[in-house]
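Q: I'd like to ask you about the structure that follows.
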Amino acid sequence: MRPDDIDVWIGLDVGKRAHHACALDRDGNTLYDKPLKQDEKDIRTMLERLSGHGRVLLVVDQPNTIGSLPLAVARDMGVAVAYLPGTAMRRAAQLLPGTAKTDRRDAYVIAWAALKIPESLRDAGPDDETLAALKLLAGHDEDLAHESTRHINRLRSLLLQTHPAFERVLKGDRATRDATLALLERYGGPMGMKEAGIDRVKAWARDGGLRAGGIIDDMFEAIGEQTVTVPGALMAERIIPSIARDIRAIKDRRRDLAAQVEDLLEDHPLLTVLTSMPGVGVRTASVILLGIGGDVTRFRSAAHLAAYAGIAPVTSQSGTSIRGEHPSRGGNKRLKNALWQSAFVASTKHPPSIAYYRRKREQGKHHNAAVICLARRRCDVIYSMLKNGTLYQEQALAA
């Protein structure tokens, strides 16, 4: 809804048990300024009362969890909703007199920013049941990813402390492969594997159906590079199996989540469209769908989408002293990460993307900057695919 279509701007500083609501009219006059219970009846009464002044826009500072009920009630009543990000809210607060931090002032800041700086508002999140469920699954998967990273870092730290050569063997994704984790869970580490011997370890892996021949050879070569036993190594090898077991369990849970996401999106027309692009899997597709709110047409152009995602370069200019462009530090972080990750994968496996990435490196760009350039180029293609409902075509990126 455009600002010209609004008559009342409601700022809602949400809380666990109660919110504070502040409503302003077109002239900035206060129409409502009261605490509000986290209760459907009270929220509905407030919206009905303010709807008597004209068309209403409800703006929250937290669109998830504690802010979900007010948004659901507003949507049920046909009231427009929006979200004011925390960064934008803090900047808006600096434009107003006073430095107090109260619920009442925060609600006023939200309403004032919505009235005076409508471009600072963001989509309040999906009102589609499928996308709402997808958002919950994606958030849970993100939590599991952070938990997995913490366990992996702990595993590497223990190996680096006790046997650096062995830790170096597990570079890249080797540390998280199912075969590696199974070996560490079984033998603990270099000491346990050395005691068992390479033939027995290979036999155990073969009996378990593990494809680990190359990794085992590299592990035993690294084991032979260190003859001393570092203090604490024995205890480390007692801890490592439990860490490896936890990582495997998290991987299994993430696989289950991926299956749930795939089932959830099975009938979604845009899933097939997105996953047809090299580098975009089901998880990445789900994050992209969430980032755009399921409807790419709300973005005027691919450039608008790129700016929203934070992958469009920001120009700096001040007379003749400052000129240039730099990567944006803003944007939708999760959408930005999804586009960056998919571009990174494509830059290593997809020939046209590899060629594009190499051209950018030859132009003097660093790795991250080259990947961002590729992500920006791919964003144009993704926008066109989603807007037209068409599958990826090879010449689209090569052009």
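Q: Could you check segment 175-229 and list, in sequence order, the residues that are touching a helix residue (DSSP H, G or I) at 6+ places or on another chain (Cβ under 7 Å) and on the phi > 0 side of the Ramachandran plot?
A: G188, G189
Q: Just need a number here: residues in segment 223-274 that are surrounded by 18 or more Cβ atoms within 10 Å (Cβ to Cβ) and either of a type in the set (S, T, N, Q) or over 36 Å from the mean Cα position of the chain (by Cα) (or both).
A: 2
Q: On to the next question. Hey, can you tell me all the residues within segment 111-125 that are in a loop (DSSP other than H, G, I, E, B) and under 13 Å from L12 (Cα atoms)?
A: Once the filter is applied, which keeps residues that are in a loop (DSSP other than H, G, I, E, B) and under 13 Å from L12 (Cα atoms), segment 111-125 yields only A124.
Q: Could you tell me which residue of segment 281-340 is surrounded by the most Cβ atoms within 10 Å (Cβ to Cβ), considering only residues that are modelled with pLDDT of 80 or more and not in a helix (DSSP H, G or I)?
A: I311
One line per residue, one yes/no per condition, for (1) buried (at least 18 other Cβ atoms within 10 Å of the Cβ); (2) at negative phi; (3) not small (G, A, S):
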{"site": "P63", "(1), (2), (3)": "yes, yes, yes"}
{"site": "P70", "(1), (2), (3)": "yes, yes, yes"}
{"site": "A82", "(1), (2), (3)": "yes, yes, no"}
{"site": "T99", "(1), (2), (3)": "no, yes, yes"}
{"site": "Y108", "(1), (2), (3)": "yes, yes, yes"}
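Q: Are there any helices (runs of 4 or more DSSP H) wholly within segment 189-271 with 3 or more residues that are under 30 Å from I382 (Cα atoms), and if so which?
A: Of the helices (runs of 4 or more DSSP H) lying wholly inside segment 189-271, those with at least 3 residues that are under 30 Å from I382 (Cα atoms) span 233-264.
The values are calculated or read from the model by the stated rules, or taken from the named source; none is laboratory data. Just so it is clear, the structure is predicted and the values come from calculations on it, not from any experiment. Note that we place each Cβ from the backbone using ideal geometry, even for glycine, and neighbour counts take in every protein chain shown.
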